[in-house]
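Read the structure below first, then the notes.
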Amino acid sequence: MLINTPIDSIEFNAGRVFVKRDDLLHKEFSGNKARKFAYFLNHEFPDITRLVGYGSPVANSLYSMSALAKLKGWQLDFYTDHIAEQVLKSSKGNFVEAVSNGANVIDLSLIEDRNNRSCRAYIEQVVIPNDNQALFVPEGGRCLYAREGVHQLAKEVSDWFSQRKLTELTVFLPSGTGTTAVFLNEYFVLYAPSISVKTCACVGDEAYLSQQFSELITDVSFHPQIVKTDKKYHFGKLYREFYQIWQKVTEQGIEFELLYDPKGWMCVEKLLSDSEDTNILYIHQGGLLGNATMLPRYQRKYPAT
């Protein structure tokens with residue numbers, strides 16, 4: 001079962017930001033993936049024996065899917081474009097923990113019948129048609145099944161909002177596929193219109209993120225507002241200002257992850273500079289296992305920071 005996670009607050013830029021502690025959601029999951037996968041935890045699938053997914057070999061989703069498969073007694077087959085030698089040699093992080101959970105991580109660059117297909121195309125054309133006991137979850141958990149768990153998160157925030165007797169609230173979270181952000185905002189539009197969601201595009205640009213929203217919910221009135229940074233940042237690249245803001249926030253007593261949260265907190269900084277009286281609740285989406293590999297990279301690149 002997933003717990004109703006606490007909401008803490010931290011001092012940030014002489015103001016206060018609330019933090020929904022989904023990093024504490026479940027000891028086996030990275031926060032937002034547990035929300036996305038709650039449907040699979042809450043329902044029985046008697047005919048399923050295998051979970052199939054794809055993505056980066058260091059992704060939070062790999063570890064979370066391995067945890068889900070372990071809890072459900074399924075085999076996880078996770079397809080990836082390539083597994084770097086340094087990932088194979090690593091002693092900690094998402095890849096190592098997923099493999100220890102029993103995940104079968106398949107490097108498609110070594111598969112003879114790939115025929116230049118993407119991971120998704122290979123799964124849909126080769127893997128799934130031959131196995132009616134397999135459950136396929138798209139990259140990052142971006143599917144309609146995610147709505148159930150994300151709406152539960154939204155309800156928890158809405159209940160807290162009512163208990164605190166706030167008049168308005170901005171919920172902020174950085175986005176990859178945008179699944180969590182769009183389903184959160186959908187709930188608030190329908191049931192708690194004094195709460196709105198703002199997000200930022202971390203993996204692609206703003207147009208890409210808007211497209212991701214539309215693939216899940218076509219009605220743009222349910223889409224969250226996308227906040228842009230002044231500078232363009234490339235996903236996975238190490239920036240000094242990312243490391244600095246991560247250190248600044250983490251010094252307040254809550255550790256955040258290093259891939260999405262730095263850009264997220266830069267956007268929060270921008271929102272507060274535009275309106276310092278804004279009530280902001282930041283969704284901590286977990287993902288801390290990735291810091292085991294990301295933090296040493298930052299420390300090597302910016303040793304004096």
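Every number in this text was worked out from the coordinates using simple rules, so none of it is lab data. None of the values given here were measured: they were computed from a predicted structure. Here the Cβ is made from the backbone with ideal geometry for all residues, glycine too, and neighbour counts use every protein chain on show.
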Original post:
Can you tell which of Y233, Y282, Y54 shows the greatest fluctuation in a Gaussian network model of the chain with Cα springs below 10 Å?
Top reply: Y233
Original post:
Between region 62-140 and region 149-209, what's the alpha-carbon centroid distance in Å?
Top reply: 30
Original post:
With each pseudo-label sitting 7 Å past Cα toward Cβ, what's the T305-A207 distance in nm, one decimal?
Top reply: 2.9
**OP:** Measure off 7 Å from each Cα along the Cα-to-Cβ vector at D219 and T278, then give the distance between these two points in nanometres to one decimal.
**Re:** 2.5
**OP:** Enumerate the lysines that K72 could reach by cross-link, defined here as Cα to Cα under 28 Å, with residues fewer than 8 away along the same chain left out.
**Re:** K20, K27, K33, K36, K92, K155
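What order do you get for 63-72, 204-213, 167-176 when each peptide is scored by the mean count of other beta carbon atoms within 10 Å, highest first? If you can, show how the numbers build up before the last one.
Values: 63-72: 24.1, 204-213: 16.2, 167-176: 21.6.
For the peptides 63-72, 204-213, 167-176, the packing ranking is 63-72, 167-176, 204-213.
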**OP:** Please report I245, I83 as a ranked list, fewest other C-beta atoms within 10 angstrom at the top and most at the bottom.
**Re:** I83, I245
Original post:
Taking every eigenvalue of the Cα gyration tensor of region 1-83, multiplying by 5 and rooting it, what semi-axes result, largest first, whole Å?
Top reply: 30, 17, 8
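Remind me, what semi-axes does region 38-136 give for its equivalent ellipsoid, largest first in whole Å, using sqrt of 5 times each Cα gyration tensor eigenvalue? Could the numbers behind the result be given before it?
Details: eigenvalues 91, 73, 17 Å².
Output for region 38-136: semi-axes of 21, 19, 9 Å.
In debye to the nearest 20, how big a dipole does the chain give about its Cα centre with +1 on each Lys and Arg Cβ and -1 on each Asp and Glu Cβ?
Values: 32 positive and 36 negative charges, 109 e Å.
Using Cβ point charges on Lys, Arg, Asp and Glu, the chain gives about 520 debye.
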